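The values are calculated or read from the model by the stated rules, or taken from the named source; none is laboratory data. Given the structure is predicted, the values throughout are model-derived calculations rather than measurements. Heads up, the Cβs are rebuilt from the backbone with ideal geometry, glycines too, and the neighbour counts pull from every protein chain shown. Heavy atoms of the whole protein, side chains included, go into the accessibility calculation; ligands, DNA and RNA do not. Shrake-Rupley method; radii C 1.70, N 1.55, O 1.52, S 1.80 Å.
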Amino acid sequence: MTTSQYDDPNDADASSSRKYHDKELFVTGHSGTTILEILLLCLVIPVGLVLYHKLHGRYGYGDTNYFRRRHVKIEAGSTVGRLQWWWAMKGRKIILEFVTLVMPMLIVQTSLLPYIIGPLGLLAGMLTLALSIPSGANHDKQQQQQEQQQLDHRQIEEKKNHHRHRPAFLSIHRACVYLLTTIAILAVDFPIFPRRYCKTEVSGYGWMDLGAASFIIIAGWTSALSTSPTNTSRATTTNIGRLARKAIMKCGPLLLIGLIRLATNKGLEYQEHVSEYGVHWNFFFTLCLVEGSAVVWKGLKAQFSRTTTRQLPLDFMLAMFIMVPYQIFLSYYGGQEFIEDGSRRCNAESYGNIIPAWVISKHSFLCNIFVANREGILGVLGYMSLCLFSEAIARRCLLPIHVSFDHSDERTLLSNHQQYRLSFTSVSLWIVHLILTAGLNIPTSRRSTNASFILWALSHNVSLLSLIYTVTARTTTTENEMNQAHPLLEAINRYGLAVFLSSNILTGLINLTFDTLHTPDGRAVIILTVYLMLVCGFAILLDAERNEDVDKPSKAG
């Protein structure tokens, strides 16, 4: 057996290189799992919501008289006082959310549960527990009225500006996607995380493949709602200069974050999955380009809406215009092979028959950048079409029918007709995905972000959203209750980017502190649980500070 540079235990540099090499191998070369198992894992969200609402309904909301009964005086302007009051109002809900939603999301992403049978058993146990809890009044009418009075002014503002807010069930979906991704980005570095859940190397269905795609889908959904016909708060500009400035303001922070991540990854020699986005690319660069393009497209659509094209499905048309040629390139012009097997260096020997000789000779730097990051750069086309398809789906399935400001107990929810649209869209997407994979033999490839991958990501997320809507529509009675029943998810949803960045920072720190490759399962679960507590606590802290003028106790109390 030959000796490599990694085999000298007395050499610190060699030991560091060996650790880097081992971690890189640990997260690469995987072929994924099945669609069924991934759907099964996501069922912890709707089932967890059922359990949460049964416990929530049985044992109480939050105690608004907590301080009054204990004669605790709080200085209205103090940070500690605001946090104490906020915790008394929402603490019980947060604990319930963490136990019934967050922890099951963690458990299903570990090898603690046997294949298929384990998640099924967990879901059956959670559902059985939920069904065994008798329904009952959880608080008297007087306390209910006190809670309503405390939140009256927030409700009025929310109703007046309802068009600015996404539906509660969509917020739940968004927050849960953040949580699932937050768990996966750290858990993948531990042996307790099943390797079949890792990102796929070439093609297949990986649990972690859905993370970036789900972020883009959610961005498309929220974009469609923010520019809906009922949203007249902000007119979309059609001036080219203003559109350019708005696009720069939108994607500038994402570009900065991407550059910082690139610098830290290279500087700290953090393990990288090169086949994910390329040598230098990362998801923040992709999100930057997709978001910037979306801003420009909104302005162009506003211009088109003044003409006879108003009723045309412009989002769908542009998505097809991008996706169809891209898939033809992948399937018939060597694009898929180029992405999977191409060299990371631009030279005539490798690409002489694809790239013109003058490009290779006169623009070698740009050519090298392109081939080194081909997954990320070409993947932008797939993600742009995914965002546009998502907007088209949102306009068809998620737009509210009416908004009423007359009575506080009225809510804007999807009608039964729109619920059927969600279900019909989900089934239709799965059928199209089946046609692409089984009929046209287009394998699902996260690496190339091809048509099959886009259809799978859409099918999965629309199906999950439909289940979440079904649960929330049957476990709440008012729109305010839907929005106020999930303080932890609400906080994560509101500060999603900050939460995601904090989870990335903590992931890096934990990897630098612990030898994750050789961490026992029990210790890994403890580390992951504490990590989730810190991430959730950060979101709660941000939300508590924001609500200083909403949940502030009166001076008379």
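For the range 445-468, the set of residues classified as of a type in the set (S, T, N, Q) and touching a residue at least 40 places away in the same chain (Cβ under 8 Å) consists of Ser445, Ser448, Thr449, Asn450, Asn461, Ser463, Ser466, listed by residue number. Remark: pairs (first residue in the range 245-269, open to solvent by 90 Å² or more (accessible area, probe 1.4 Å); second residue among the hydrophobic types (A, V, I, L, M, F, W, C); Cβ separation under 7 Å; 6+ apart in sequence or on different chains) = Lys246/Val295; Lys250/Val295. May I ask you to list the residues in the range 535-557 that are modelled with pLDDT of 90 or more and either surrounded by fewer than 15 Cβ atoms within 10 Å (Cβ to Cβ) or of a type in the set (Gly, Ala, Ser) (or both)? Within the range 535-557, Gly537, Ala539 meet the criteria. Residues in the range 420-435 that are more than 20 Å from Met320 (Cα to Cα) and open to solvent by less than 60 Å² (accessible area, probe 1.4 Å): Leu422, Ser423.
Name the residue, out of Leu532, Leu501, Leu509, Leu488, that is in contact with an Asp or Glu (Cβ under 6 Å, 6 or more places away or on another chain) and modelled with pLDDT of 90 or more. If you could, list the steps in order and put the result at the bottom.
On the way: Leu532 fails: in contact with an Asp or Glu (Cβ under 6 Å, 6 or more places away or on another chain); Leu501 fails: in contact with an Asp or Glu (Cβ under 6 Å, 6 or more places away or on another chain); Leu509 fails: in contact with an Asp or Glu (Cβ under 6 Å, 6 or more places away or on another chain).
Of the residues listed, the single one that is in contact with an Asp or Glu (Cβ under 6 Å, 6 or more places away or on another chain) and modelled with pLDDT of 90 or more is Leu488.
If the condition is being open to solvent by less than 10 Å² (accessible area, probe 1.4 Å) and of a type in the set (D, E, K, R), then the range 375-395 contributes Glu375, Glu391. Exactly one residue out of Ser448, Ser408 is in a loop (DSSP other than H, G, I, E, B), over 19 Å from the mean Cα position of the chain (by Cα), crowded, with 23+ Cβ neighbours inside 10 Å and modelled with pLDDT under 95: that is Ser448. Filtered by the rule that a residue be assigned to a helix (DSSP H, G or I), touching a residue at least 60 places away in the same chain (Cβ under 8 Å) and either under 16 Å from Ser390 (Cα atoms) or of a type in the set (Lys, Arg) (or both), the range 311-348 gives Asp315, Phe316, Leu318, Ala319, Met320, Ile322, Met323. Each residue in the range 419-444 was checked for being in contact (Cβ under 8 Å) with a residue 40 or more places away in the chain and either under 18 Å from Arg396 (Cβ atoms) or acidic (Asp, Glu) (or both), and 4 of them qualify.
Residue count for the range 165-205, restricted to those that are open to solvent by less than 20 Å² (accessible area, probe 1.4 Å), aromatic (Phe, Trp, Tyr), within 30 Å of Thr519 (Cβ to Cβ) and in a helix (DSSP H, G or I): 1. A single member of Gly57, Gly118 is more than 23 Å from the chain's Cα centre (by Cα), closer than 17 Å to Ala187 by Cβ, modelled with pLDDT of 70 or more and assigned to a helix (DSSP H, G or I), and it is Gly118.
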